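So the structure is just underneath, and the comments pick up after that.
The values are calculated or read from the model by the stated rules, or taken from the named source; none is laboratory data. All of these numbers come straight from a predicted model, not from anything done at the bench. Neighbour counts run over all protein chains shown; Cβ positions are idealised from the backbone, glycine included. These accessible areas exclude ligands, DNA and RNA; they are computed on the full protein's heavy atoms, side chains included. Shrake-Rupley method; radii C 1.70, N 1.55, O 1.52, S 1.80 Å.
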Amino acid sequence: MDHSRVPVLEALEDFRRRGDVVYGPPGHKQGRGVDPRVLAVLGEGVFSSDVLSLNGLDDRRKSHAVVGQAEELMADAVRADRAFFSTCGSSLSVKTAMLAVAGPGEKLLVSRNAHKSVIAAVIVNGVDPVWVHPHFDAGRQLAHPPGPEDVERALRAHPEAKGMLLISPTDWGSCADIRGVARVCHALDVPLIVDEAWGAHLPFHDSLPTWGMDGEADLVVTSVHKMGGAVEQSSVFHLRGDRVAVDVLKQREDLLGTTSPSSLVYCALDGWRRQMVEQGGELLDTALRRSARIRAEVAAMPGLRLLDQEAVHEGYTAELDPLKITVDVRELGISGMQAAEWLRTARHVDVGASDTCRISGQITHADDDRTEKLFVDSLRALVEEAGSLERRPRVLLPEPGALELEQAMLPRHAFFGEAEQVPAEKAVGRIAAEMTSPYPPGVPVVAPGEVITAEVVDFLVSGAAAGLLIPDAADPSMRTMRVVAR
């Protein structure tokens, strides 16, 4: 296929060249009605590029198949049979993918280290989840993806399950044995969905971890805004084979997706695909060399522990994305949250994620010598200044297995059923009626329908006191918890 083509961008250029005057949405009329004070911050280009797909980028019948052509080029670029653009982020794409495989009341295997958007899909879709627990790395206090043996064991125990949802890479960069899991699933003729939100760059360089389509997955969801070059909310789901029906997937997407998709997202996805096909190898080569230099510098800094190939050699994870720089800071006597706050305040450096133990920054094709040096210098300054930071209350970290909670009710029933707010200490032994997700990375410690334990309460209460952000809990302080009414 001709990857120099960018159908959506070309359609936008045609729209501007024709000088079409629009008498429909958006109401700002390509920026003519926007407050100049807003234009001064956002720029005119944002609004002049905000055009409807129907009777805008394309005619009312979609006779030019502008977006369809762009999706075909994307599929070809990443070795998928089909690709579908989503302007609602992978939070919606993953819901679509799950609903295309398992409907209300049907069982679906789900990796329990899933992002809250996956758990939200379980609630909204009414799926009966079979949790497949990740490999918990006690020394690093880190969850890595489950392996083929874990998935096979769960499928044998639940032969009625409609498929498996796997998360790879994780927010911290550890990657699953996708091919091994896919072959386990396919041996029992069920599809594998991979939530590869952090892996949009993986198809474009052989030195990166296995891309889901190359790993024989059936349906792969990516967030191009995370590691790619598209604007926020840019997502694509990719399909291969016939285990997931195309018409079913399209109908589920139509059910959940917006009827007012953003042309900004479409244009950015289209342009990013062209850039990666034409220049991706070279751009990612540079990023990988840059990351290797940063890793070498960080590894030599006292008090910092890098997530590196040791985790692979120890058998916790199948692969590691080298562009994710995940650094444990506990030996400095501070938490990852404190490190993130200090870096932002003192160095104007914003890291991608932080928790009680670590911080994580990502290197992409967009970084340069200046940002490389800034990142290294800022971490070196953190090491020097950590001793002066206030000591926060100790977080009571859970032991291995403590987060493998009993599922006592369907998440949907627990979430939508009658509930009450009780003191945290009174929640032990009760069934959770809410998600509690320290964010970022946003993996729920407790999902609706799970039985709350003393270890979980201790972790959440002490974590909130130490600065954990838990935005989805009814009481983010965790002094009280929402539970199913008796």
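Quick notes on this structure:
- Formal net charge of residues neighbouring residue 38 (Cβ-Cβ distance under 15 Å; K, R +1; D, E -1): 0
- Cα centroid separation, segment 178-192 to segment 389-415 (Å): 30 Å
- Average accessible surface area per residue within segment 75-129, 1.4 Å rolling probe, Å²: 23 Å²
- Using a cut-off of 20 Å between Cα atoms, the listed pairs 226/250; 95/162; 324/373; 62/226; 95/226 include 226/250; 62/226 as exceeding that distance.
- Rounded to the nearest 20, the Cβ-based charge dipole of segment 1-113 about its Cα centre (Lys and Arg +1, Asp and Glu -1) stands at 340 debye.
- Dipole moment magnitude, nearest 20 debye, segment 370-486 about Cα centre, only Lys, Arg, Asp, Glu C-beta charged: 180 debye
- For residue 143, the residues whose amide H sits under 5 Å from its own are 137, ignoring neighbours fewer than 5 places away on the same chain, with H placed 1.01 Å from N.
- HN-Hα J in Hz across segment 451-462 - Karplus 6.51, -1.76, 1.60, θ = phi - 60°, x for Gly and Pro: 7, 6, 10, 5, 4, 5, 4, 4, 5, 5, 5, 5
- The charge dipole of the chain, taken about the Cα centre with unit charges on the Cβ atoms of Lys, Arg (+1) and Asp, Glu (-1), comes to about 860 debye, rounded to the nearest 20.
- Backbone phi angles across segment 303-320, fed through the Karplus curve with coefficients 6.51, -1.76 and 1.60 (θ = phi - 60°), yield HN-Hα couplings of x, 10, 10, 7, 6, 9, 5, 3, 4, 6, 4, 7, x, 7, 9, 6, 8, 9 Hz in residue order; Gly and Pro are listed as x.
- Rounded to the nearest 10 Å², the accessible area of residue 48 at probe 1.4 Å: 30 Å²
- Restriction of the GluC sites (Glu not before Pro) in segment 86-179 to DSSP coil positions whose beta-carbon has at most 14 other beta-carbons within 10 angstrom yields 160.
- Residue-count net charge about residue 338 - beta-carbon cut-off 12 Å; Lys, Arg +1, Asp, Glu -1: +1
- In terms of packing, defined here as the mean over residues of other Cβ atoms within 10 angstrom, the peptides 466-478, 347-359, 88-100, 435-447 line up highest first as 88-100, 435-447, 347-359, 466-478.
- Taking each residue as 0.36 nm, the span from residue 42 to residue 388 lengthens on full extension beyond its C-alpha to C-alpha distance by 120.7 nm.
- Positive end of the dipole of segment 1-96 (Cβ unit charges, origin at the Cα centre): among 93, 77, 27, the Cα lying farthest that way belongs to 27.
- The alpha carbons of the chain stretch over 65, 54, 46 Å along the principal axes, in descending order.
- Note that segment 156-168 has calculated 3J(HN,Hα) couplings of 5, 6, 9, x, 7, 4, 8, x, 9, 10, 10, 10, 6 Hz, one per residue in order, obtained from phi through the Karplus relation 6.51 cos²θ - 1.76 cosθ + 1.60 (θ = phi - 60°); glycine and proline are x.
- Here's how it looks for residue 163: its modeled amide H is under 5 Å from those of 109, which are all 5 or more places away or on a different chain.
- Under-5 Å amide H pairs with residue 198, H placed in peptide plane, nonlocal only: 223
- Global form of segment 177-252, assessed from the alpha-carbon gyration tensor, a/c cut-off 1.5: oblate
- Sequence of 455, 372, 282 when ordered by accessible area, the most exposed leading, probe 1.4 angstrom: 282, 455, 372
- All alpha carbon pair distances within segment 111-262 were sorted into 5 Å bins beginning at 0; the resulting P(r) in whole percents reads 2, 9, 17, 22, 23, 16, 8, 3, 1, 0.
- The apolar share of the surface of the chain, taken as the fraction of accessible area on carbon and sulfur atoms (1.4 Å probe, ligands and nucleic acids excluded), comes to 50 percent.
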